[in-house]
Amino acid sequence: MKLTVYTSGYSQEVIKLFTDVFTDTEGPKEGRVIGQLVTELIGTTDSNDLLGYISILDDAVVGCIFFSRLTLPGGKIAFILSPVAVASQHQGKGLGQQLINFGIQQLQTHGVELVFTYGDPDFYAKVGFVKIDEDIVKAPKNLTYPDGWLVQALNSEDITSEAGAAKCVEALNKQEYW
């Protein structure tokens with residue numbers, strides 16, 4: 001398996017991957033929603049604000065993750081990991097964890113200080129994320145699942161309280177994703 005940087009030449013394959021994976025796990029409606037999110041992320045987000053990484057196996061994209069800029073009031077360099085997809089037939093083999101760890105290593109080379117995500121705490125704890133209270137860093141939108149607001153510091157500094165809410169890229173700035 002090859003882990004590499006996402007480029008626009010993979011756009012259609014990546015959109016299909018996300019649509020198929022979320023259709024398989026959550027149903028056709030959710031598949032369309034996440035497919036549209038990925039379409040908007042790659043179509044409307046400035047290249048300085050979006051970093052993507054893919055897993056390729058036998059010339060096919062079998063996994064993809066995106067990190068988009070999260071603007072914090074205090075000015076720390078932060079990104080949010082969302083969304084993540086691993087082809088249904090390749091799930092449960094550690095591929096998602098490998099891809100996330102690869103992406104986090106790449107973020108460190110870009111000087112990113114904090115990486116956030118919003119999802120299953122049990123899964124993301126396996127790759128170093130911990131729960132963060134919104135009293136410390138407020139999410140961009142109201143959280144329907146507050147226990148899923150997670151963070152990982154990519155440097156040795158403590159995570160300090162931020163005055164005000166974080167701001168995400170436009171494609172993620174919809175309440176339905178939060």
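One line per residue, one yes/no per condition, for (1) loosely packed, with under 14 Cβ neighbours inside 10 Å; (2) not small (G, A, S):
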| site | (1), (2) |
| --- | --- |
| G9 | yes, no |
| I15 | no, yes |
| T23 | no, yes |
| E26 | yes, yes |
| G35 | no, no |
| I42 | no, yes |
| N48 | yes, yes |
So if I check each of G128, G63, G103, which one is modelled with pLDDT of 95 or more, touching a helix residue (DSSP H, G or I) at 6+ places or on another chain (Cβ under 8 Å), under 24 Å from L17 (Cβ atoms) and not charged (D, E, K, R)? G63
Whichever residue in region 88-110 is of a type outside the set (S, T, N, Q) and either touching a residue at least 60 places away in the same chain (Cβ under 8 Å) or in a loop (DSSP other than H, G, I, E, B) (or both) and, among such residues, is surrounded by the most Cβ atoms within 10 Å (Cβ to Cβ): L99
Can you pull out every residue in region 162-174 that is surrounded by fewer than 14 Cβ atoms within 10 Å (Cβ to Cβ) and under 21 Å from D135 (Cβ atoms)? A163, G164
Starting from residues that are under 11 Å from D49 (Cβ atoms) and β-branched (V, I, T), keep the ones in region 62-81 and report whichever is surrounded by the fewest Cβ atoms within 10 Å (Cβ to Cβ). T71
Filter region 131-161 for residues that are buried (at least 18 other Cβ atoms within 10 Å of the Cβ), touching a residue at least 60 places away in the same chain (Cβ under 8 Å) and of a type outside the set (A, V, I, L, M) and give the result. P140
Going through region 56-75 in order, the residues found to be in a strand (DSSP E or B), farther than 18 Å from I15 by Cα and either without any contact (Cβ under 8 Å) to a residue 60 or more places away in the chain or not β-branched (V, I, T) (or both) are R69, L70
Which condition breaks for D59 when tested against (1) in contact with a His (Cβ under 6 Å, 6 or more places away or on another chain); (2) loosely packed, with under 15 Cβ neighbours inside 10 Å? (1)
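The values are calculated or read from the model by the stated rules, or taken from the named source; none is laboratory data. As the structure is a prediction and not an experimental result, all values here were calculated from the model. No Cβ is skipped: glycine too gets one built from the backbone with ideal geometry, and neighbour counts run over all protein chains shown.
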